[in-house]
Amino acid sequence: MCQKFTPDELNRMNHQSKNDIIFQMQDRLDKLEHDYETLIEQIRLANQQKFGRSTEKLSEIAGQLSFFNEPEAFCDETAGEPDIDDVIDECLKKPRRPKKKGQREEDLKDFPQEEVPHDVSRDTLDAAFGEGNWKTMPDEIYWQLRFEPAKWIAEKHIIKVYVGTDGLHQDEFLRGDHPKTLFKGSIATASLEAAIINSKYVNSMPIDRISKDFDANGLHLSRQTMSNWTVWSAERYFTPVYDYMKARQLQAHVNQCDETTVEVIHDDRPAGSKSYMWVHLTGELSPDPKIIVYEYQKTRHSDHPKEYYKDFKGILVTDGLAQYHKIARELEHLENANCWAHYPRSIVIPKASLHVA
């Protein structure tokens, strides 16, 4: 217990004795604060061991929603209607400021606009106020946003053709300059294929659903046609982009790699066979651009990352999969670094407790 002094005892003490008591109290207070923080940390770690997750497996994909009952799940009849400013694309809006006159019109100026007048006939005015007993006041104006389904424009390209009729160039043809088609003999355009790719890979819509959505808006494109276009686009136009991204990624000093199972149909194997998507990305703290490259392979064999990183010189951060350690031994310039997030809890938590032991 700390010694207690009466007021008389403190009054009889000299200046140095009082200073000694103050210094002792400061030391004791520091120790109490340290013990308090240590106790809080021990409780936190104990709760984490008892109630925290014991596996890396997720019960569901973050952000994944039900495909069928989203409207029912999120319906709330008590919620008010959103203000027009709340639904305008943020990239068109300036930082939130107090509203000023004409601000809403300014927010909507980049959208196509049309005026919808709502007038009162002269006969109605005369009947309400008496003939001529009325005058025009300033208009009341409110804004709304109307959605129109996607539309397609059939482009009829007319190429002028000329032929020489005399001289050295007789019977030679000359055609007007025109853009190359995306695929020979196809009606596909870059914008149409971009819409299909966006729906499939950004909005996670099955090709069949995209086809039905297009069909409901007057355009019939079969799953086969859209699948062909997507595969051809990947082979002809995206492969150079993929190669460039890979080359840029391998220039970074630190990269990360992981693999996950994926089910692929019609790949000459029994249904349900496991395939793997290898994901390669630049380090989180890397000064290089954020690059993520997906590589599909049928197996988890070490030959796949070895081939990918054969020219890489730097550090590869991975989980504890043996394949990564194997390629680190085989590739001279690659150094494998394990990710702490993948260590067993029995290892990580005691290490985290060392400073409070």
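The values are calculated or read from the model by the stated rules, or taken from the named source; none is laboratory data. All of these numbers come straight from a predicted model, not from anything done at the bench. Because the Cβ atoms are built from the backbone with ideal geometry, glycine has one as well, and the counts that use them run over all protein chains shown.
Here 225, 165 are screened, and the one residue that is part of a helix (DSSP H, G or I), over 30 Å from residue 285 (Cα atoms) and among the polar types (S, T, N, Q) is 225. A Cβ distance below 6 Å, combined with a sequence gap of six or more or placement on separate chains, defines the contacts here; from the range 133-149, residues that are under 20 Å from residue 107 (Cα atoms) reach residues that are among the aliphatic types (A, V, I, L, M) and outside any loop (DSSP other than H, G, I, E, B) in the pairs 143/84. Picking from residues in the range 197-211 that are surrounded by fewer than 13 Cβ atoms within 10 Å (Cβ to Cβ) and not acidic (Asp, Glu), the one that is farthest from the chain's Cα centre (by Cα) is 206. One residue alone among 309, 324 is at pLDDT 95 or above and surrounded by 14 or more Cβ atoms within 10 Å (Cβ to Cβ), and that residue is 309.
One residue stands out in the range 213-244 among those that are exposed (fewer than 14 other Cβ atoms within 10 Å of the Cβ) and among the hydroxyl-bearing types (Ser, Thr, Tyr): the one that is nearest to residue 194 (Cα to Cα), namely 237.
Taking the range 287-326 as the range and being closer than 16 Å to residue 276 by Cβ, among the acidic types (Asp, Glu) and not in a strand (DSSP E or B) as the test, the residues that pass are 303, 307, 319. Considering (1) on the phi > 0 side of the Ramachandran plot; (2) surrounded by fewer than 12 Cβ atoms within 10 Å (Cβ to Cβ), the lone condition that residue 314 does not fulfil carries the number (2).
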